[in-house]
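Comments concern the structure below.
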Amino acid sequence: MNASVSKHPAALTDDGLSLFCDQFGLMVSAGIGFEEAASLLAEDSHAPAEQALFTQISQLLAQGLPLSEALTQTGRFPEHMIRMLEIGHASGRTDQVLASLSRYYRRQAETRSAIHRAVTYPIVMA
């Protein structure tokens with residue numbers, strides 16, 4: 001395992017995971033390779049932390065690592081997502097798995113937001 005994993009910020013938010021899966025999946029569906037897709041995400045990102053993350057993923061993919069292993073090496077992606085991508089890679093349906101993961105993490109973010117609003121409203125009213 002990469003010793004620098006502990007130097008990375010915490011895991012991505014559900015919104016961030018949904019956006020990553022959506023954008024990465026769209027590029028893969030369009031026939032863009034994993035390494036190039038990660039590189040394009042790095043170029044398009046305005047946040048330095050995201051640029052660094054996507055550049056790291058691109059570099060790991062350039063070394064010949066599978067996508068799931070590259071994401072594992074960053075220490076920023078949940079185990080569930082990595083296992084699902086392993087299945088997608090083995091079945092040749094990575095783009096479909098990414099689309100499904102995007103929907104899953106978007107629903108997670110919406111649920112978390114709804115719970116936060118439901119808890120915050122009574123506090124504000126008090």
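Looking for whichever is open to solvent by less than 90 Å² (accessible area, probe 1.4 Å) and touching a residue at least 24 places away in the same chain (Cβ under 8 Å) here; the options are LEU98, LEU85. Which one fits? Walk me through how you get there before you give the answer.
Working: LEU85 fails: touching a residue at least 24 places away in the same chain (Cβ under 8 Å).
Among LEU98, LEU85, only LEU98 is open to solvent by less than 90 Å² (accessible area, probe 1.4 Å) and touching a residue at least 24 places away in the same chain (Cβ under 8 Å).
From SER102, SER113, which residue is at pLDDT 95 or above, assigned to a helix (DSSP H, G or I) and not aliphatic (A, V, I, L, M)?
On the way: SER113 fails: at pLDDT 95 or above.
That would be SER102, the only listed residue that is at pLDDT 95 or above, assigned to a helix (DSSP H, G or I) and not aliphatic (A, V, I, L, M).
Among the residues of region 60-80, how many are outside any helix (DSSP H, G or I), open to solvent by 50 Å² or more (accessible area, probe 1.4 Å) and in contact with a Phe, Trp or Tyr (Cβ under 9 Å, 6 or more places away or on another chain)?
Within region 60-80, the subset outside any helix (DSSP H, G or I) is 63-66, 75-78.
After this cut, where a residue has to be open to solvent by 50 Å² or more (accessible area, probe 1.4 Å) as well, the list is 63-66.
This time we only want the ones that are in contact with a Phe, Trp or Tyr (Cβ under 9 Å, 6 or more places away or on another chain), so: 66.
Selection size over region 60-80: 1.
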Kindly provide the set of residues from region 104-118 that are aliphatic (A, V, I, L, M) and either farther than 19 Å from LEU19 by Cβ or surrounded by fewer than 12 Cβ atoms within 10 Å (Cβ to Cβ) (or both), ordered by number.
ALA114, ILE115, ALA118
Got at least one residue in region 39-56 being modelled with pLDDT under 95, among the hydrophobic types (A, V, I, L, M, F, W, C) and not in a helix (DSSP H, G or I)?
yes
Scan region 11-59 residue by residue and report those that are of a type in the set (Gly, Ala, Ser), touching a residue at least 24 places away in the same chain (Cβ under 8 Å), within 19 Å of ARG93 (Cβ to Cβ) and open to solvent by 60 Å² or more (accessible area, probe 1.4 Å).
SER29
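The values are calculated or read from the model by the stated rules, or taken from the named source; none is laboratory data. Here the structure is a predicted model, which means the values were calculated and not measured. We place every Cβ from the backbone using ideal geometry, glycine too, and count neighbours over all the protein chains shown. Accessible surface is based on the protein model in full, side chains and every heavy atom, while ligands, DNA and RNA are left aside. Shrake-Rupley method; radii C 1.70, N 1.55, O 1.52, S 1.80 Å.
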